[in-house]
Amino acid sequence: MIRVLHAALMLKASSGIINQMRWEQEAASQLNYPWTTKIFVPSTFEQTDSLFYNASEATTLVGTRSILDKVRYYFRIREEYYSWLLKLSDEYDALLLRYSTSDPCLASFIQKCKKPVFLVHHTLEIPELRALGGKDAPPRILSEFLLQKRNARHVRGILGVTDEIVRYQKNLFANPDSKSFYVYPNGIKFKPTNKTEPSYQLVPNIVFIASAFQPWHGLDLLLESVASSNADFKLHLIGNVDVKLMSDSRIISHGHCNGDKIDSIVSQCTLGLSSFGLHRNNMQEACTLKTREYLQDGIPVYAGHRDVFPEDFKFFRNGPPDINSILDFEKTVCKHSRVEVAQAAQPYIGKDHLVRSLYSWLNHMLASTNANKASVE
């Protein structure tokens, strides 16, 4: 069995990254794979379990606002990160590295590393930087444009969480057949739903959850459609809403809620909504954690983007932010049990299924590489 290391450099706390990496490690352990997942963090990061490796005190940036100090810190922590990886690499057969945008140190590490390196991409880097904007965007875009091909030149393969990301990466190469590509979606630590079936309701209850609604959620587009519709429904919004809501009794804004409150609201609902504004980031596909949480709870999803689900998967619908289309879809799925929805989604969202498939693919890739080397020799 091949030994795999999946590593990420994380300078700021991100529950999304932490959850994905932790669930991956737990899935690999349950499958008895020789697979290690590690997150390299600054020494000030308040996590001490085995998932994390803290940088040395020398790389800590405390209270400084000097540009020169920030530049020094930027390179010091990356130097330590890649030195740490290089030492660890002797223990593994393959390295998966979460891609760091505009990283000038990555290519040098890949060339030094004697083991196959696979880069893991979670976004379309340049389109996302353009969408985020700000004063840092132009130099970061230029840096990524200059570095992206150099960073990928010597890797064994590239992974992306959506097919769109994989296609984007393929287009960077004059000869994409020289690399291996794989779609490795985000997943969830799947637990059988304990949600009870909602009681019969005269009107559909629909939920849209975001910690804070951003332009790419496209809530404004949905509300425009709601304003032009006379349909009867209840739309529950959970999260901080920046847009001004129209005076409409069908829209219930709950604001930020704790887990128990969210569960109570979701238990009333028969449909969950995901983003409708990803086109504002020049993206048509996404692999959101919220969609996976809805499905694990047995709630079908309607979204304005494609996901990894096949066309015949009946509990996810990609469509416009049109309330009438949303209600039509709700009618087709509302009578399915929560258990049926969750079980149908499990192969596409369960982290154990995703890790098993990726591990099998990596074994095949490395076996092919070794066979080719042997035939040349």
Out of the residues in region 254-289 that are within 27 Å of Leu202 (Cβ to Cβ) and within 22 Å of the chain's Cα centre (by Cα), which is surrounded by the most Cβ atoms within 10 Å (Cβ to Cβ)?
Leu273
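Counting just the residues of region 74-132 that are assigned to a strand (DSSP E or B) and among the β-branched types (Val, Ile, Thr), which one comes out surrounded by the fewest Cβ atoms within 10 Å (Cβ to Cβ)?
By that ranking, first place goes to Val120.
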Based on this model, can you work out whether Leu51 counts as touching a strand residue (DSSP E or B) at 6+ places or on another chain (Cβ under 8 Å), open to solvent by less than 40 Å² (accessible area, probe 1.4 Å), modelled with pLDDT of 85 or more and farther than 19 Å from Lys12 by Cβ?
no
The lone condition Gly239 fails out of (1) open to solvent by 10 Å² or more (accessible area, probe 1.4 Å); (2) free of Cβ contacts under 8 Å to residues at least 60 places away in the same chain; (3) on the phi > 0 side of the Ramachandran plot is (1)
Would you pick out the residues in region 236-252 that are within 26 Å of the chain's Cα centre (by Cα) and either of a type outside the set (A, V, I, L, M) or modelled with pLDDT of 90 or more (or both)?
His236, Leu237, Ile238, Gly239, Asn240, Asp242
For region 128-151, does any single residue satisfy the condition of being in contact with a Phe, Trp or Tyr (Cβ under 8 Å, 6 or more places away or on another chain) and either of a type in the set (Phe, Trp, Tyr) or at pLDDT 90 or above (or both)?
no
Would you check if there is a residue in region 346-355 being open to solvent by 10 Å² or more (accessible area, probe 1.4 Å), part of a loop (DSSP other than H, G, I, E, B), in contact (Cβ under 8 Å) with a residue 40 or more places away in the chain and hydroxyl-bearing (Ser, Thr, Tyr)?
no
Applying the selection to region 264-278, what residues are touching a residue at least 24 places away in the same chain (Cβ under 8 Å), outside any loop (DSSP other than H, G, I, E, B) and not β-branched (Val, Ile, Thr)?
Leu271, Gly272, Leu273, Leu278
Some residue of region 91-106 being at pLDDT 95 or above and hydroxyl-bearing (Ser, Thr, Tyr):
yes
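The values are calculated or read from the model by the stated rules, or taken from the named source; none is laboratory data. No experiment lies behind these values; they were computed from the predicted model shown. Every residue, glycine among them, receives a Cβ derived from its backbone with ideal geometry; neighbour counts consider all protein chains shown. Surface accessibility is based on the protein's heavy atoms, side chains included, excluding ligands, DNA and RNA. Shrake-Rupley method; radii C 1.70, N 1.55, O 1.52, S 1.80 Å.
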